[in-house]
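Just so you know, all these numbers are worked out from the coordinates, no wet-lab data involved. Fair warning: this is a prediction, and the values are worked out from it, not measured in the lab. When we count neighbours, we look across all protein chains shown, and the Cβ atoms used for this are built from the backbone with ideal geometry, even at glycine.
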Amino acid sequence: MLTHFDAYAVGEGKLRKPLGEEDGPSGWMPLWNSPETILILSRRRGEEIPTNYEVAIQPTLVAVAELVSAAAVAMGVEPSPLVKKLTQ
């Protein structure tokens, strides 16, 4: 869900599709789980109990900074001081 946020933003993410013919609420919601993690709850239509995914904040932040840094370098732009700090 985090890597395909563009699909979820327009309602096309895989977990948004119903299971069978059942209808009902679906979607996903991020919650702060702890200072180190975010908890994401996801429920498909027809499921009563959501699936939860725990995402570690620090490694995720570093991975995003590495992507931003690579994009900046590819565009010939200097990465920001924060991006540089996170990618050291």
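What's log10 of I(q)/I(0) for the stretch 39-88 at q = 0.18, 0.19, 0.21, 0.29 Å⁻¹, Debye sum over Cα points only, no solvent? Debye output, listed in q order: -0.63, -0.65, -0.71, -1.01.
Applied to the stretch 70-82, the Karplus parametrisation 6.51 cos²θ - 1.76 cosθ + 1.60 on θ = phi - 60° returns per-residue 3J(HN,Hα) values of 4, 5, 4, 4, 4, 8, x, 10, 6, x, 5, x, 5 Hz, with x for Gly and Pro. With R₀ set to 22 Å, the beta-carbon distance separating Leu82 from Val55 gives a calculated FRET efficiency near 0.65.
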